[in-house]
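The values are calculated or read from the model by the stated rules, or taken from the named source; none is laboratory data. Here the structure is a predicted model, which is why all the values come from computation and not from measurement. With ideal geometry, Cβ positions are generated from the backbone for all residues, glycine too; neighbour counts draw on all protein chains shown.
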Amino acid sequence: MVVHDSTETWSGYVKEAVGISSTHKKLVIASEDGRPFVYGPGQYLRAEGGLKSGCLPIANWSDTEAECEVVCALSEEGSFGSQVAERDKVMFRGPLGNTVPVDVFRGNDVVFLVSHEGVVPARSLMHYLLAHRNDFGKIILLYGAPKPAGILFKSELEAWKKSSNMEVKVAVERGGEGWMGYVGVPTMFIPRLNVDPGKTAVFLAGPSHTYKFMVLALRSIQIPAERTALMISERMEMDEPAIILGTDYPV
Amino acid sequence: MDDTGKIVLVVDDDPDIVAAIRMVLKANGYQVRSAANSDEAMQALQQDIPDLMIVDVMMRTLDEGFQFSYLVRSDERLAQVPILMLTSVSKETGFSFDPKTDGDWLPVNEFVEKPIDPEDLLDCVRKLTNQTN
């Protein structure tokens, strides 16, 4: 099977563009020459070509499709998301970066502690876990969004809430808009988390300034750093591997 | 501005810190209540609402003070009470914190590293308790 080399620039197109919240849309990216993608959770694409450029964490996981999903913000003027539309052709590089060390997670309960757009790479890892469900224990998603309208993948979150052996908790920093759920940040769920620290792995993703709070909250319940993986979004801007282990944080 | 009688709740598990803060504030007319952890503090807050809370971070857990501030801010009765976070968490962990940039993850009015000069403490307390007028 000939797959894309991460160093080459290849021509892709936007097969589908779907709004997933009032602030973001999901794009299905396919390669014009039909070559498949091989990617792991935590990797990203780089869109290249002047105005239509940017780093795009991959939002799904599949080992069979010749396409992948990314998410981009709608609102930032001049951004990739504000310019790209269905059927647009775009030059890409990638998949770039390294993948979440799933072998560290295998055999454990898995907690996602994510905020804002960190739910995008988290979804990729979630898809991987669900495709290999028997390899993992309980799955708990703790997700913080800025406001109710900014919650991404709402219908998928609802479906996961109904899955057996899965727990989903969502908090928003600002309520209103009829929001009846939790108001705050996702670390507020940590003190009452019902997990065995000796058998739990955690994936963290979100704005970098939130990681110190997340790491302290996890240390407070004795989750070991070697079973924690973080996504450092600033590294994507430099085409560097974005996933690090908790033992290497802070960078 | 006469601060006589204003109530300050100190939430800190270090009795020496609590005693030192109590001494400074009482000498300047404040009433000082104390709690050694967030559970005791929440019980005290059922009785009356202070004009200011001075909260440590690292108590029974590394982030107990942060968790306490989230509880306070989510409680309509308590959400407007100013919080002065007085802590050595930055020295202990190497992480730096700033309410201006950390936003809802650090929902406090002031964040000050220990130790604090008594005059600086008084200035902070006066400023924050006058905000409740």
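The table below lists the values:
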quantity: Qualifying residue in region B:21-41 (condition: of a type outside the set (Asp, Glu), within 19 Å of A:Ile190 (Cα to Cα) and modelled with pLDDT of 95 or more); calculated: yes
quantity: Qualifying residue in region B:50-68 (condition: small (Gly, Ala, Ser) and within 14 Å of chain A (Cβ to nearest Cβ)); calculated: yes
quantity: Leading residue by the ranking (surrounded by the most Cβ atoms within 10 Å (Cβ to Cβ)) among those in region A:95-122 that are in a strand (DSSP E or B) and not hydrophobic (A, V, I, L, M, F, W, C); calculated: A:Ser115
quantity: Residues (part of a helix (DSSP H, G or I) and either away from chain B (no Cβ under 11 Å) or crowded, with 23+ Cβ neighbours inside 10 Å (or both)) located in region A:190-207; calculated: A:Ile190, A:Pro197, A:Gly198, A:Lys199
quantity: Some residue of region A:215-223 being outside any helix (DSSP H, G or I) and on the phi > 0 side of the Ramachandran plot; calculated: yes
quantity: Meets criteria (hydroxyl-bearing (Ser, Thr, Tyr), touching a Lys or Arg at 6+ places or on another chain (Cβ under 9 Å) and surrounded by 14 or more Cβ atoms within 10 Å (Cβ to Cβ)) for A:Tyr182; calculated: yes
quantity: In region A:208-246, residue nearest to the chain's Cα centre (by Cα) [restricted to those that are within 14 Å of another protein chain (Cβ to nearest Cβ) and basic (Lys, Arg)]; calculated: A:Lys212
quantity: Qualifying position, being touching a Leu at 6+ places or on another chain (Cβ under 9 Å) and within 30 Å of A:Gly144 (Cα to Cα), among B:Ile17, B:Ile83; calculated: B:Ile83
quantity: Selection from region A:45-61 of residues that are in contact with an Asp or Glu (Cβ under 9 Å, 6 or more places away or on another chain) and within 27 Å of A:Asp103 (Cβ to Cβ); calculated: A:Arg46, A:Cys55, A:Pro57, A:Ile58, A:Ala59, A:Asn60
